[in-house]
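The next block holds one structure in the form of structure tokens; read it before the comments.
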Amino acid sequence: MRLLEYGALALILSLTGMEPLQQPSGCRTTIEFVSYDVRGRNADELRASMLERGPIDERGVRRFAATEWDVHWDWRRNSDGSVAPKSVAVRCSAKVTLPRLAADVELTAELLAAWEAYQERLTTHELNHLKHLRTVAPSIAERIVLWGHRHGAITVQKANDIAQRVLLEVKELDRSYDAQTAHGRSEGLWSVTD
């Protein structure tokens, strides 16, 4: 990405309360920003380019942007084979895919300003998905510890079940957010379904 884009992303991260270097306790997070080029001379052509080149979601629908995430967890085992709850480590990774103007695209000053404002809104929307992950995923370790305190020894299967339930919560937050915002439409984003 261009230096200016990194600066803009850092600004957006700070405006959305997500400092780039802060990590929630219990979840190391690696974030990769990927971009794809869009071309056009007007808003309709830019939109068509995003529809043609944007990322494809898990249902096979092309989107203007996407946030994909993955969570891994591991732990040490006690001598009886049970999970040592306080040893649980959670690692999160995410890939945020966003459009960017191709280097050879020249827009009017008015359209360029509109594009930059749109791109900021789109980035904020995707970072809100990332907030779900960074807020909820660390609770995997917390919930395993809590279960161990309440019930004693915890099997690997039980610990994995707890972690899977947490992932379902993150997915539900993402789904609910997209339903509430109509995939960003209510936040001022062009919708794929227009």
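The values are calculated or read from the model by the stated rules, or taken from the named source; none is laboratory data. Values in this document were obtained by computation on a predicted structure and should not be read as measured data. Heads up, the Cβs are rebuilt from the backbone with ideal geometry, glycines too, and the neighbour counts pull from every protein chain shown. Heavy atoms of the whole protein, side chains included, go into the accessibility calculation; ligands, DNA and RNA do not. Shrake-Rupley method; radii C 1.70, N 1.55, O 1.52, S 1.80 Å.
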### Query
In this structure, does R143 turn out to be open to solvent by 60 Å² or more (accessible area, probe 1.4 Å) and either at pLDDT below 90 or in contact with a strand residue (DSSP E or B) (Cβ under 6 Å, 6 or more places away or on another chain) (or both)?
no
### Task
Please list, ordered by first then second residue, the pairs with beta carbon atoms under 7 Å, 6 or more apart or interchain, first in segment 169-186 and open to solvent by less than 30 Å² (accessible area, probe 1.4 Å), second β-branched (V, I, T) and part of a helix (DSSP H, G or I).
V170/V136
### Query
Of the residues in segment 23-70, how many are open to solvent by less than 60 Å² (accessible area, probe 1.4 Å), touching a helix residue (DSSP H, G or I) at 6+ places or on another chain (Cβ under 8 Å) and assigned to a strand (DSSP E or B)?
11
#### Entry: Within segment 97-181, helices (runs of 4 or more DSSP H) holding 1 or more residues that are in contact with a His (Cβ under 9 Å, 6 or more places away or on another chain)
109-136, 156-181
